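Q: Just dropping this structure here.
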Amino acid sequence: MKKIVRGAALGVFAGLFISIVYSYMTASGEYFPMSPKSTSGKFLYENVTETTILLIAIISWALFGVGFTLAKKVYERDDWSVVKMTFTHLAIVILFFLPLSVLSGWYPLTTGAIVSFLIIFLVVYFIIWLIIFAINRRRIKKINHKLNN
């Protein structure tokens, strides 16, 4: 439970940071917790209050954090290969992240935006995976070196 709360808090922090950067870059001094140009943003800004929009954004950001926290559980399996864990984790994260990205107003609900999202997501995922793989490989080599001495 503690990890889930921590994941939710981290998700809210990351979402807030991204929304502030987005607003700073595109909103001429105004703050938008989600893009008013996105599919969900257009709908919400026309139909609910700004406070409700912020609450929806905070809940979706928390869900991002919870989703990533729960998806990490895949890597705790001892009976799966690294390839199986990686592809299972990737599938879970994409299936979780894509709808929340649309709900959060990060991407419009269009084919082009979804394809763009998938390409960007896969590139970033692969880069992060390579970095983590290299770090873990180095750690294993150090442990093996200590065991051999």
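The values are calculated or read from the model by the stated rules, or taken from the named source; none is laboratory data. For clarity, every value in this text was computed on a predicted model and none was experimentally measured. Cβ placement follows ideal geometry from the backbone for every residue including glycine, while neighbour counts extend to all protein chains displayed.
Q: Can you report the number of residues in the range 38-66 which are buried (at least 18 other Cβ atoms within 10 Å of the Cβ), touching a residue at least 60 places away in the same chain (Cβ under 8 Å) and not in a loop (DSSP other than H, G, I, E, B)?
A: Total satisfying the criteria: 4.
Q: Criterion first (at pLDDT 90 or above, under 20 Å from Ala14 (Cβ atoms) and part of a helix (DSSP H, G or I)) does Leu90 satisfy it?
A: Answer is yes for this residue.
Q: Considering each of Lys141, Lys72 in turn, give the residue that is of a type in the set (D, E, K, R) and within 22 Å of the chain's Cα centre (by Cα).
A: Lys72
Q: Can you pull out the residues in the range 106-125 that are modelled with pLDDT of 90 or more and either surrounded by fewer than 12 Cβ atoms within 10 Å (Cβ to Cβ) or not in a helix (DSSP H, G or I) (or both)?
A: Thr111, Gly112, Val115, Ile119, Ile120, Val123, Val124
Q: List every residue pair whose Cβ atoms sit under 6 Å apart, with the two residues 6 or more apart in sequence or on different chains, where the first one lies in the range 77-106 and is free of Cβ contacts under 8 Å to residues at least 40 places away in the same chain and the second, anywhere, is buried (at least 17 other Cβ atoms within 10 Å of the Cβ) and part of a helix (DSSP H, G or I).
A: Final answer for the pair search is Met85/Val74; Thr88/Val74; His89/Ala71; His89/Val74; Ile92/Ala71; Val93/Ala71; Phe96/Gly67.
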